[in-house]
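The values are calculated or read from the model by the stated rules, or taken from the named source; none is laboratory data. Predicted model only: the values in this text are computed from it and were never measured. Cβ sites come from the backbone with ideal geometry, for glycine too, and all protein chains shown count toward neighbours. What goes into the accessible areas is simple: the full protein's heavy atoms, side chains included, and nothing from ligands, DNA or RNA. Shrake-Rupley method; radii C 1.70, N 1.55, O 1.52, S 1.80 Å.
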Amino acid sequence: MTRKTIEEHLAPAPTAIRRLLLEDRHDLEPGAAAVVGRLFASVHKHRASISMPPAQCFREAAQSESTFRTLLRALSRHAPHVCTAEAVEVSDEWYARRRPPPKTAESPLREEGQQWPDRWREHLNALQKAKIKESSRQRYIASVDRCAEAVSEGRATADFGFITAMDLEDAFLNHPDADRRIKTVTAANYLDGLIALGRAGGENRDSLDAMRSVSKDLRNRADLECKNKEVRIAKLMERGGFSYVVDRAGDAIEKNRLLPPHSAAGRRKLQAAVLSLVLMNKPPRKGDVVRWRFGHELVRDPDGVWRATWMQEKTGHETESGRLWPEVCALLDRWILGGRPDRLVVHRYLELTGHNWLSLSAETPYRDLPSELTKSLIGVPSHDLRTLAADYLRRHDPVRAAQIIRTHLGHATDRAGDAYATECIGTSAQRLWQSARGMIADTDGNAREAAKIAKKKKKPAIPKPRGVTGRIGRPVRIPGRSRRRTG
């Protein structure tokens with residue numbers, strides 16, 4: 001069997017693409033001509049678009065991942081006008097075959113309380129029946145899991161009381177492994193989870209009160225510590241605040257533009273940019289934004305306007321963004337197109353309806369993905385953009401900012417925004433005092449000037465009588481009379 005020449009391999013390719021590859025025949029990777037030829041042979045077979053081959057054609061052209069990667073490199077280098085957006089689906093399939101499945105929003109099924117001490121496990125059924133929010137219940141169970149780890153290491157006992165709380169505090173804050181040490185406020189949260197378990201299970205009230213005193217002390221110490229978030233926000237404001245976010249998003253979009261549509265790095269940069277700008281427009285919590293779906297929480301109107309309406313996981317209240325900014329709408333169109341022609345935006349939106357907006361698939365990403373994306377772009381977690389938005393509102397109109405912040409951030413009660421409200425009151429009082437000082441200074445200055453003018457008016461001018469000499473030896477000249485001449 002004779003070996004095919006490059007020309008024979010490229011015979012199914014369009015004339016322009018065949019000419020480009022033949023001109024670079026000495027720079028082609030081994031097997032590149034053969035796989036490109038098979039791709040366009042499949043395109044002709046399915047009567048598909050030459051400028052944007054469908055995913056099925058990429059599958060038929062390459063039977064191994066190495067051959068598939070060779071095909072993408074050949075098209076990117078020698079035929080960049082061929083859109084490889086549909087190859088993303090095939091690329092994800094190859095990735096899935098060689099690596100473990102990614103983390104999803106739902107944790108793997110396991111028996112809750114399996115690793116707990118017997119005494120704690122006896123109270124699990126009571127906690128599950130307690131009349132509390134499901135999100136609170138899951139948070140308590142996760143906290144008790146962390147407490148159980150300390151018990152299993154022998155760093156605390158399985159009792160309920162002051163000694164157990166102190167042992168757990170030491171285990172959390174002073175663990176021999178520095179990577180396993182946690183923040184003071186996090187240790188308090190873990191203790192609160194164990195206290196909730198004991199309360200539901202009917203443990204001694206005095207013992208639980210003793211544990212609460214330890215938890216309260218931890219929270220008081222946390223309040224005295226310099227909050228990491230405040231430091232991050234201060235540094236972000238020094239770099240320009242939202243202006244810096246926009247600049248970094250613009251850089252990411254430009255880098256995406258320079259990469260081929262199938263590039264995972266390019267899609268990641270565009271994903272971070274679109275998320276950050278959506279958070280600028282309306283900053284939801286990461287647990288909410290990671291669950292948005294096209295056509296449900298995130299909707300595109302026929303006129304191209306995007307809007308978001310969602311049920312908040314933390315409060316159970318519905319909130320909305322209204323019409324997103326035109327620049328954000330355009331970027332969302334670019335995100336769902338993924339390199340496809342603009343004319344396909346409506347078709348692409350209908351195709352993605354019901355899919356997750358961050359993964360562009362039916363799978364919901366893991367919960368921390370929004371924070372990972374914003375950290376990669378601007379160096380701070382996604383929640384900091386909520387605080388930054390509140391800071392902007394407080395500086396703009398501190399008198400009304402507290403209520404505006406409550407509405408903008410979706411707080412369920414006034415108490416939820418106490419920290420923001422306190423800052424608004426402080427800023428408002430500061431501005432009021434500065435204004436009062438200015439008015440006092442202006443009033444004081446005007447009073448002094450008025451006193452000077454009044455003093456001048458009160459001082460009468462003393463006229464000199466006629467005939468009285470002025471300077472010695474010279475008569476005063478009286479108007480209307482001429483001097484006498486002496487002969």
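Remark: the stretch 250-291 carries a charge dipole of roughly 160 debye about the Cα centre, counting +1 on each Lys and Arg Cβ and -1 on each Asp and Glu Cβ. Each peptide in 156-163, 340-347 was scored by the mean count of other Cβ atoms within 10 Å over its residues; highest first, the order is 156-163, 340-347. Classify the stretch 249-352 as rounded, prolate or oblate, taking a ≥ b ≥ c as the square roots of the eigenvalues of its Cα gyration tensor: rounded when a/c is under 1.5, otherwise prolate if a/b is larger than b/c and oblate if not. Prolate, since a/c reaches 1.5 and a/b exceeds b/c. Per-peptide packing, taken as the mean over residues of other Cβ atoms within 10 Å, places 243-252, 316-325, 176-185 in the sequence 243-252, 316-325, 176-185 from highest down.
Fully extending the segment from Glu65 to Lys133 would add 19.8 nm, taking 0.36 nm per residue of separation and subtracting the current Cα-Cα distance.
In the distance distribution for the stretch 35-182, Cα-Cα pairs more than 26 Å apart total 55 percent.
Which entries in the list Lys255/Lys375; Lys235/Lys286; Lys286/Lys314 go over 20 Å, if you measure between the two C-alpha atoms of each? Beyond 20 Å between Cα atoms: Lys235/Lys286.
Show log10 I(q)/I(0) for the stretch 240-288 at q = 0.17, 0.20, 0.29, 0.33 Å⁻¹, two decimals, from a solvent-free Debye sum over equal Cα scatterers. Rounded to two decimals, the profile gives -0.52, -0.67, -1.01, -1.14. A Förster distance of 30 Å, applied to the separation of the beta-carbon atoms of Lys314 and Tyr392, puts the FRET efficiency at 0.85.
Of the solvent-accessible surface of the stretch 137-295, computed with a 1.4 Å probe over protein heavy atoms with every protein chain present, carbon and sulfur atoms account for 48 percent.
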